[in-house]
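All remarks here apply to the structure that follows.
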Amino acid sequence: MNKKIDKTLKIWHEHFSDEEKQYSEFESSDIEYFVGCLLYNHFSFIASLDTMKTIDLSYDFISECDDEYDGVLLQINSIELKNEREKLDFLLAYLDEAMGKYSDDELYLLKRLKYHVKGVEERHEAKVESRKVVFEAPKLRSPNPLLR
């Protein structure tokens, strides 16, 4: 895929091969998922939903990364691509390759990330600006719960 990504995956797969460093519910595919999240955050997609400009990484994962996290982040942040299309293509190719390594049972997080990135791609291709998501409940028509 990319030498920097391969190096990052190697670092974390070696690190987490030690069961003492694995958090509860750890799966090997988590590593590819979190690298995908780091790529997503680094690329700062213009077409991202307002509430999804960045994806938070799991505290469990980060807390077990020790000193490798800063080095990995430097590797990810050194990847430079020219435009949004190249960034989307790079991330989608990465996700496709990562998903090819695992069984369907291990793909939940990777599928979730890919679904979100495909949404970003659709908005990018349609040249649709992302809208702000409003989390306010609509006003009630009646205070009586039976008449709402």
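The values are calculated or read from the model by the stated rules, or taken from the named source; none is laboratory data. What you see is a predicted model, and the numbers here were worked out from it, not measured in a lab. Reconstructed Cβ throughout: ideal geometry from the backbone, glycine too, with neighbour counts over all protein chains shown. Surface accessibility is based on the protein's heavy atoms, side chains included, excluding ligands, DNA and RNA. Shrake-Rupley method; radii C 1.70, N 1.55, O 1.52, S 1.80 Å.
Inspection of the range 27-42 identifies no residue that is within 24 Å of ASN83 (Cα to Cα), at pLDDT below 85 and open to solvent by less than 10 Å² (accessible area, probe 1.4 Å). One residue alone among LEU88, LEU109 is at pLDDT 90 or above, over 27 Å from LYS21 (Cβ atoms) and in a helix (DSSP H, G or I), and that residue is LEU88.
Restricting the range 43-62 to residues that are among the hydroxyl-bearing types (Ser, Thr, Tyr) and part of a loop (DSSP other than H, G, I, E, B), the residue that is modelled with the lowest pLDDT is THR54.
One line per residue, one yes/no per condition, for (1) under 25 Å from ALA126 (Cβ atoms); (2) in contact with a helix residue (DSSP H, G or I) (Cβ under 8 Å, 6 or more places away or on another chain); (3) among the small types (Gly, Ala, Ser):
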| position | (1), (2), (3) |
| --- | --- |
| ILE5 | no, yes, no |
| PHE34 | no, yes, no |
| SER48 | yes, yes, yes |
| LYS53 | yes, no, no |
| PHE90 | yes, yes, no |
| LYS101 | no, yes, no |
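Scan the range 56-80 for residues that are of a type outside the set (Ser, Thr, Tyr), without any contact (Cβ under 8 Å) to a residue 60 or more places away in the chain and either open to solvent by less than 50 Å² (accessible area, probe 1.4 Å) or within 21 Å of HIS13 (Cβ to Cβ) (or both) and the total you get is 13.
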